[in-house]
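See below for the structure under consideration.
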Amino acid sequence: MKNKMTLDGLLARSNAGARRKKPDDAEHRTQASCVRWFNLKYPNLRGRLFAVPNGGRRDAVTGARLKAEGVIAGVSDFILLKSNRRYGALLIEMKRKDGRQSASQRWWQRVVTENGEYKYVVCRGLDDFMRQVDGYLEGL
């Protein structure tokens with residue numbers, strides 16, 4: 001005789017031992033520190049540096065709605081809308097020390113830098129962010 005499993009039993013078995021990972025807040029804290037530092041050091045440019053909330057978990061319906069509204073996968077984490085002598089804006093992708101760009105991030109980087117109009121950088125932490133922003137803004 002076959003042993004029939006109930007739906008509850010199947011769900012319990014599939015979830016057995018599967019513990020949900022706690023979200024890592026380190027990226028949030030780093031990006032919040034970057035914004036805080038920028039606003040303190042460059043108060044005259046407040047509002048010119050902004051985050052692009054492309055990440056995060058979304059259901060399929062919300063994802064489809066955002067895509068229809070123009071959300072593009074791979075867009076950098078920050079955009080600094082301030083031109084310097086060479087570029088029209090600074091586009092900043094934040095990564096952890098061991099983080100790598102996704103295929104969509106590499107694609108977007110190629111798209112926005114192919115004409116040399118914008119500077120795109122990958123920053124690995126607050127110190128790297130400060131160095132890149134200061135260097136970019138020194139070229140004003």
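The numbers here are math on the coordinates, done by the rules we state, and not lab data. Quick caveat, the model's predicted, so the values are computed rather than measured. Methodologically, a virtual Cβ is constructed for each residue, glycine included, from the backbone with ideal geometry; neighbour enumeration extends over all protein chains shown.
Tabulated data
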| quantity | calculated |
| --- | --- |
| Potential extension, ASN115-ALA26 segment - 0.36 nm per residue separation minus Cα distance | 28.6 nm |
| Intensity falloff of the range 60-128 expressed as log10 I(q)/I(0), Debye formula with alpha-carbon point scatterers, at q = 0.23 Å⁻¹ | -1.06 |
| Debye, to nearest 20: dipole size of the range 20-140, +1 on Lys, Arg Cβ, -1 on Asp, Glu Cβ | 240 debye |
| Fully extended contour minus Cα-Cα distance, from ARG85 to ASP59, at 0.36 nm per residue | 5.1 nm |
| Estimated FRET transfer efficiency (GLN101, LEU40; beta-carbon r; R0 25 Å; 0.05) | 0.30 |
| Neighbour net charge for PRO53 - beta-carbon separation under 15 angstrom, K R +1, D E -1 | 0 |
| Net charge of neighbours whose Cβ lies under 13 Å from the Cβ of MET130, counting Lys and Arg as +1 and Asp and Glu as -1 | 0 |
| Sequence-distant residues sharing a close amide H with MET94 (under 5 Å, placed H) | ASP77, PHE78, CYS123 |
| Size-normalised alpha-carbon gyration radius of the range 25-75, reference 2.2 N^0.38 Å | 1.45 |
| 11 Å beta-carbon shell around SER83, net charge (K/R +1, D/E -1) | +4 |
| Peptides 35-46, 59-70 ordered by average Cβ neighbours within 10 Å, highest first | 35-46, 59-70 |
| For the range 113-126, Karplus couplings with θ = phi - 60° (6.51, -1.76, 1.60), whole Hz, Gly/Pro x | 10, 4, 9, x, 7, 10, 9, 10, 9, 10, 10, 10, x, 4 |
